[in-house]
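Data block below; observations after.
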Amino acid sequence: MSWEKEEQEKGMTRRDWVKIGIAAAAVGSVAGIGGLVTGQILPPPYKFNGEIRETIQYTKFPTPQWWNTKAGQSVKVSDFQEWQGATGVWRGLYQNGTYVPGTGFPCLVIRIKREDQYFSVPTPEQMPAALPKDFNLVFDDPTIDAANGGTRIVVLFDRCVHLCCYPGWHVVDNPPPGRGYQDYGADPPTFVQFGQDPVYCVCHGSQYDPMLLVVNVNDKNGTSYVGARRVHGPAPRALPVIPVKAQGENLVGGMAEPAWYVYC
Ligand code: FES
C-alpha cells in the first residue's frame, strides 16, 4: 500500500507524519549506528516549506519602542538616528511570509557615532576568522546622513554571555545603581566620551560597549571571536558581533563562524 493511501485510510494528518518521521529518523540513525536492520518501511522525509532570511528583520519589543510598528519588516540602513537602536532577528525562519517565533539569531542593531578616534576594531592580522565576501564587522557609509558624519551600524548577537538573558540598547529608563563611570572596569567611550549608556543586560547588570570591538575566546568551545567589549560584569567576555553588509537598503547578516554564537 502506498503511504498516501495508508495515510488516507488511517486518517492521519501531515503533522502526525512529521512526528513519526522525526521519531523514525532517530530510530533509523540509531539502527544505522548499531548495524541493525529493522525491516520497517519509513515514511518519506518531511518536505520543508519556508525560508531562512539573511536580512535582519525587526522584532517587537515587550515595552513600547519606536520600532515596534516595524516588526516583521527588514531593517534598513537609513532607519536610524545616531545612537538609535532596535531589536531584530537574523536567519529567522519564515513560513508563508510569517516569522516562526523562536527561530534565528536575536540581535541588537545599533547606530553608533561614526568617528575613528575612539571606535576600535581588530586589525586584519588579529581577525580570528575570515568574513564572508563583501561583509564587514560594521556597516559604514559616509553618505547616509552625511550632515552628521555618516552612518555606522553595529549588529550584536543578543544573548548575554553571562547567563543568556537578552541585553538591551537604551530600553531601560531607570537603571539600577552601579552604572556610573566609577563602576566601569574599562573606559567605555560610548559612555565616557559620548554620554550614552552601553549595551545593558537587566538580569545582572552586564554591559558591553559597541564602539570597542575586540577578540575574545568563547569559553564554551575555545573559539576566538569578535565582540563588543565587556565593560561591566558579571559577564566575563565580549558580546559577539554579527558581520553585516547592505543589500540595497536592507541590512544583511553574514556568518563568519557559527561557533561564535554557541554558548546558550
Ligand atoms: S545574564 Fe546578562 S548579566 Fe547575567
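List of remarks:
- Note on ILE52: accessible area approximately 90 square angstrom, rounded to 10, probe 1.4 Å, nucleic acids and ligands left out.
- To put it simply, the accessible area of region 201-242 at a 1.4 Å probe is 51 percent carbon and sulfur.
- Database remark: amide H of THR151 closer than 5 angstrom to the amide H of ASP141, THR143, ILE144 (H placed geometrically; neighbours at sequence offset of 5 or more, or on other chains; Pro and chain starts carry no H).
- Residues of region 58-131: accessible area per residue with a 1.4 Å probe, Å²: 51 Å²
- LYS76 accessible area, 1.4 Å probe, all protein chains in place, Å² to nearest 10: 70 Å²
- Residue order for TYR118, TYR263 - accessible surface, 1.4 angstrom probe, largest first: TYR118, TYR263
- Sorting the segments 123-129, 198-204 by their mean number of nearby beta carbons within 10 angstrom, highest to lowest, gives 198-204, 123-129.
- Exceeding the 27 Å Cα-Cα cut-off - candidates LYS60/LYS133; LYS70/LYS113; LYS76/LYS133: LYS60/LYS133
The values are calculated or read from the model by the stated rules, or taken from the named source; none is laboratory data. What you are looking at is a predicted structure, and each value in this text was computed from that prediction instead of being measured. Here the Cβ is made from the backbone with ideal geometry for all residues, glycine too, and neighbour counts use every protein chain on show. SASA here: full protein model, heavy atoms, side chains in, ligands and nucleic acids out. Shrake-Rupley method; radii C 1.70, N 1.55, O 1.52, S 1.80 Å.
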